[in-house]
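A quick write-up on the structure given underneath.
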Amino acid sequence: MDSKQAIELGAKIVKIQALMAAYVTDGRTPDQSFEYQELNAEVTIDLEVAKYANPNPHKSLEVFLSFCKLQEMSTYASRRAYVQELYADVLLDLKRIQRHAPSSKNWSKANEALADELTPIRAQWLKAKNFIYSATPDFENSIKESISSVESSLMVLLNEPNGTLGKIIKQANLDIDIERLITQAYGYASNKDFVRHGGTVASALSRSEAEFFLEFAASSIVYITHKVKKLKPKAI
């Protein structure tokens, strides 16, 4: 995706956000439902082409209004906040593209590998990058999302929705030394304060550690998806 495409997609998303916010607050008009459905269909396709997970599960404005009521979002402020947060990670990455900010080559390779049944993990994977490069970086949560993306990939590929990386990785039949490296990285993240279980002292983790784990997780995702998909029987 180039800068122009990022600007165009970002503008469409902002328009969708405006329609959503207006419909569930005090700005509802009769033509919004049709406009939303048309624009949402366009954005869904654009996100798919750009290899983003679509963060918006609401197929219509009526469905979104019902969701707000079920979630007890009783104030207009809470509804607007939800709409802003919904596309926040995608919009941040689109702004980065518009500014021609450098991006990890391996991150892109992993994002390409997260296709088909793994597509939903792209949202988690995008968070791992955004936590590093946002205006207020969060290196601890970046490491968490990087390793969790590897874990989620294994859970989906091995059909183990309740498994953990440490318990199911042997089912993937990876090279034993690479398996050990991935398991050790998972153990490192699990044992570090604030990364997976919270902590009681200030974290000493820096951008260097976060970028290391982003690159390591990227390589792991590409390797795991290649190995496990090769083992899967092809559908007849």
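All of the numbers you see were taken from the coordinates with simple rules; none came from a lab. Keep in mind that this is a model prediction, so the values were computed, not measured. Cβ sites come from the backbone with ideal geometry, for glycine too, and all protein chains shown count toward neighbours.
Per-structure values
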{"read-out": "Of Lys69, Lys12, Lys51, the one that fluctuates the most in a GNM where the chain has Cα springs shorter than 10 Å", "value": "Lys69"}
{"read-out": "Added length on full extension, which subtracts the Cα-Cα distance from 0.36 nm per residue, Thr136 to Gln37", "value": "32.2 nm"}
{"read-out": "Val14-Arg207 pseudo-label distance in nm [points 7 Å out on the Cα-to-Cβ vector]", "value": "2.7"}
{"read-out": "Chain lengthening between Gln98 and Asn159 when straightened (0.36 nm per residue, less Cα-Cα)", "value": "18.2 nm"}
{"read-out": "Cα-Cα over 20 Å, subset of Lys127/Lys170; Lys144/Lys227; Lys12/Lys105; Lys12/Lys51", "value": "Lys127/Lys170; Lys144/Lys227; Lys12/Lys105"}
{"read-out": "Leading residue at positive end of dipole, the chain (Cβ point charges), from Met1, Gln17, Ser104", "value": "Ser104"}
{"read-out": "Test item: Cα-centred dipole of region 102-231, Lys/Arg +1 and Asp/Glu -1 on Cβ, debye", "value": "140"}
{"read-out": "Over the chain, relative contact order from alpha-carbon pairs under 8 Å, at least 6 apart, %", "value": "20"}
{"read-out": "Extension gain from Glu215 to Thr75, taking 0.36 nm per residue of separation minus the Cα-Cα distance", "value": "46.3 nm"}
{"read-out": "Simple Cβ-charge dipole of region 3-96, Lys/Arg +1 and Asp/Glu -1, about Cα centre, in debye nearest 20", "value": "220"}
{"read-out": "Value at 222 nm in deg cm²/dmol, rounded to 500, when DSSP H runs of n ≥ 4 in the chain each add -39,500 (n - 2.57)", "value": "-21500 deg cm²/dmol"}
{"read-out": "Magnitude of the charge dipole, the chain, Cβ model with Lys/Arg +1 and Asp/Glu -1, debye to 20", "value": "380"}
{"read-out": "More than 17 angstrom apart: percent of Cα pairs within region 44-119", "value": "58"}
{"read-out": "Top of Asp46, Asp138, Asp31 by mean-square fluctuation, Gaussian network on the chain, Cα under 10 Å", "value": "Asp31"}
{"read-out": "Thr29 versus Lys227: modelled label distance in nm, points set 7 Å from Cα along the beta carbon direction", "value": "5.6"}
{"read-out": "Of Ser146, Ile182, Ile221, farthest towards positive along the dipole that unit charges on Lys, Arg, Asp, Glu beta carbons give the chain", "value": "Ile182"}
